[in-house]
Structure formats: C-alpha cells, structure tokens
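Notes to accompany the following structure.
Values quoted throughout were computed directly from the atomic coordinates according to the rules given, and no laboratory measurement underlies them. Note that the structure is predicted; figures quoted are calculated from it, not measured. Cβ: placed from backbone, ideal geometry, glycine included. Neighbour counts: every protein chain shown.
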C-alpha cells in the first residue's frame, strides 16, 4: 500500500531585511495548527524584500503582490482549504 505524500510548505524570506523571525513565527504557527498533516516546513533565505509562502508548487502569499505581510489566520485558512477543507480552525475561522 502506498502512503500519500504530505505537502511541503515553504516560506522564502529576505535575509537582508531580517525577516527570519517573522518567517520562523509563521512556520511555528502552521506547525502548531497542522502538525503531522504537513510533510515539511522549510525556511528559505532570499533577498530583495521577498516574503513568499508556497504549498508544494502553489504560491499562497506574496508580500510584494499583496502589499503586506499575511496574518497567520489568513495562511492557516489557505492551507486548510487545500489540505483538509472540512477542518475547523476554531478562532482562526471567525
């Protein structure tokens, strides 16, 4: 029997801008919520003010395009909608 591959979430952040703390906090929030439903959460150093979040190959958030950082609630809802649409996120759904 083949086990389904769990999705990879990646957060690319600008190391020059010191966005690592924000990226690590977001990773922690997502791991606390989705734990074993994610196969990996990766932090990827970048440059040029980048702050992007991908679930596998799908771009969920781009700070430059959105003009702001995401709230954890927004990313949790986007991830949930893709990996477990029936999941109740409690206060993050309100």
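Considering each residue of the stretch 78-94, count those that are under 10 Å from the mean Cα position of the chain (by Cα) and either surrounded by fewer than 18 Cβ atoms within 10 Å (Cβ to Cβ) or assigned to a strand (DSSP E or B) (or both), and give that number.
Number satisfying all stated conditions: 1.
Kindly evaluate residue 41 against the criterion of being within 23 Å of residue 15 (Cβ to Cβ), in contact (Cβ under 8 Å) with a residue 12 or more places away in the chain, surrounded by 12 or more Cβ atoms within 10 Å (Cβ to Cβ) and touching a helix residue (DSSP H, G or I) at 6+ places or on another chain (Cβ under 7 Å).
Here the answer is yes, as residue 41 does meet what is asked.
Among the residues of the stretch 53-77, write down those that are touching a residue at least 24 places away in the same chain (Cβ under 8 Å) and either in contact with a helix residue (DSSP H, G or I) (Cβ under 7 Å, 6 or more places away or on another chain) or in a helix (DSSP H, G or I) (or both).
53, 55, 69, 72, 75, 76
Considering only residues of the stretch 58-77 that are in contact with a strand residue (DSSP E or B) (Cβ under 9 Å, 6 or more places away or on another chain) and farther than 15 Å from residue 13 by Cβ, which is surrounded by the most Cβ atoms within 10 Å (Cβ to Cβ)?
In this case the residue turns out to be 74.
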